[in-house]
Amino acid sequence: MSGTSLDGVDAALVRIVRSEQDCSVQLKHFISNPYPEEVRRALLRVASGRKVAAGFISHLGILLGRLYSEAVKDVCRAAGVRLDRLDLIGSHGQTIFHQSDPGDFCGRPVASTLQIGEAAVLVEETGVTTVSDFRPGDMAAGGTGAPLIPLVDFLLFRDPRRGRVLLNLGGIANLTLLPPACGVDEIRAFDSGPGNMVIDALVRRLAADSPGFDAGGRLALSGRPIPALLESLVADPYFRRKPPKSAGREQFGEAFVERMLAASGSSGAADLVCTAAELTARTVSDAVLSHIEDSQRWDRMLVSGGGVHNAYLMQRLQDLLPTLKVAPTDSLGIPADAKEAIGFAVLANETLELAAGNVPSATGARHPAILGKVTYGRNYAGLRGIT
């Protein structure tokens, strides 16, 4: 998994046991390989919408395929597991464009998404059958292509008695709401708005000696929200839209940050970063409260992603949602940093079983869809039971 924060490649080695009604996941090992700085700059250039040649994107896709292959080999080596013991790789790819609302293109309404990271390179370098490019299958069926983790949340975290809220704080904040004893068609899930994306962009602009993010939330904790600026940000039309909806750099990338900076006057870095963090906490909590009718039936919010390490965000979420226990997914056995990578391993397994991976109530798709594209590896004969 490599997400909208563009910080690197996460690789989870997992054993999956899937029955008709249940799914169990045993994490064997997890690593995170940071992107080389030159690669990160290239990805930011493309993902921010700057003009580049087709060859630039093509080369970048091949290079990412190699970096993904290295991550697969690294996680196997660290776990002491031979590469030829792998059955399947799930590779989300790196999102460089995502427009879920159809716009006019050559006289036709078109919505599209683009994830790069060539699966053929993964297969060639590992020999392992790979499922990649999950989002277009949902969008072809009329969905927004995101979020795709709700099915995984349902399989791993639903509870027969209490409702649970799952929050992933990556670059974008993704919410899954699982009512007590819910079925798949009762799941509610959507992108609430920015997670770490705006915070990270401000830190890169205003704190040159930082690692590119607000480590531990220390900068936000040292500042105070700017009230007028915060209210103007919360008024963004995206937050009033009803689900299904998904977001990315197209909504909360460089242009959004530039507008924020232009309206900030002489405010210091700490107050600006604190305002961005408060925007994330406010919009997440507002979205949760607007979808929980009976708060007594909901007992916890389980948080994953890089934002789980931001003390300001976690404390403000608990302040704004006092009836829920806000805690990392680690509390239920799934490490917060590894959850998204684990999720795409589960979705890849669903694809190989010819099972739908999307949740139409979350994405707005017309029907359940089998997701991803399968690139067969040298291990395919073994998976098929062919000798």
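The values are calculated or read from the model by the stated rules, or taken from the named source; none is laboratory data. Note that the structure is a prediction, hence the values are computed from the model and not measured. Positions of Cβ are generated from backbone atoms using ideal geometry, with glycine treated the same way; all protein chains shown enter the neighbour counts. Ligands, DNA and RNA are excluded from the accessible area calculation, which covers all protein heavy atoms including side chains. Shrake-Rupley method; radii C 1.70, N 1.55, O 1.52, S 1.80 Å.
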Within the chain, what whole-number % of the accessible surface is contributed by carbon and sulfur, with the 1.4 Å probe and all protein chains included in the calculation?
52 percent
Value of [θ]222 nm, deg cm²/dmol, for the chain, DSSP H segments ≥ 4, -39500 (n - 2.57) each, nearest 500:
-11000 deg cm²/dmol
Find the accessible area per residue for region 71-117; the probe is 1.4 Å, ligands and nucleic acids are left out, and the unit is Å².
55 Å²
Which order do the peptides 113-123, 370-380, 41-51 come out in when sorted by mean C-beta neighbours inside 10 angstrom, highest first?
113-123, 370-380, 41-51
Area accessible to solvent at E186, 1.4 Å probe radius, in Å²:
90 Å²
Subtracting the Cα-Cα distance from 0.36 nm times the residue separation, let me have the gained length for R161 to A208 in nm, one decimal.
12.1 nm
Once the piece of chain linking E125 and A355 is laid out straight, how much longer is it, given 0.36 nm per residue of separation minus the C-alpha distance between them?
80.1 nm
Just by accessible area at a 1.4 angstrom probe, what is the order of R282, R85 from largest to smallest?
R85, R282
Which entries of K242/K325; K325/K373; K73/K339 show an alpha-carbon separation above 30 angstrom in the structure shown?
K325/K373
Given charges of +1 on the Cβ of Lys and Arg and -1 on the Cβ of Asp and Glu, with all other atoms neutral, how large is the dipole of region 236-384 about its Cα centre, in debye to the nearest 20?
520 debye
Accessible area in the full protein assembly, largest first, 1.4 Å probe, for F344, F97
F97, F344
Quick one: work out the % antiparallel among DSSP beta bridges in the chain, nearest 5.
70 percent
Over the heavy atoms of F154, what accessible area does a 1.4 Å probe trace out, to the nearest 10 Å²?
20 Å²
By accessible area with a 1.4 Å probe, ligands and nucleic acids excluded, highest first: order of D104, D138:
D104, D138
So for R0 = 30 Å, FRET eff. of K28-H367 from the Cβ-Cβ r, to 0.05, ends up at 0.30
List the residues, sorted by chain then number, that are 5 or more residues from D299 or on another chain and whose placed amide H is less than 5 Å from its amide H.
G163
Under 19 Å from a label point 7 Å along Cα→Cβ of R66: give me every residue in region 121-136 with its amide N that close.
121-128
Extension gain from V110 to A262, taking 0.36 nm per residue of separation minus the Cα-Cα distance
51.5 nm
Here the FRET efficiency for R378 versus A78, based on Cβ atoms and R0 = 30 Å and rounded to 0.05, is 0.85
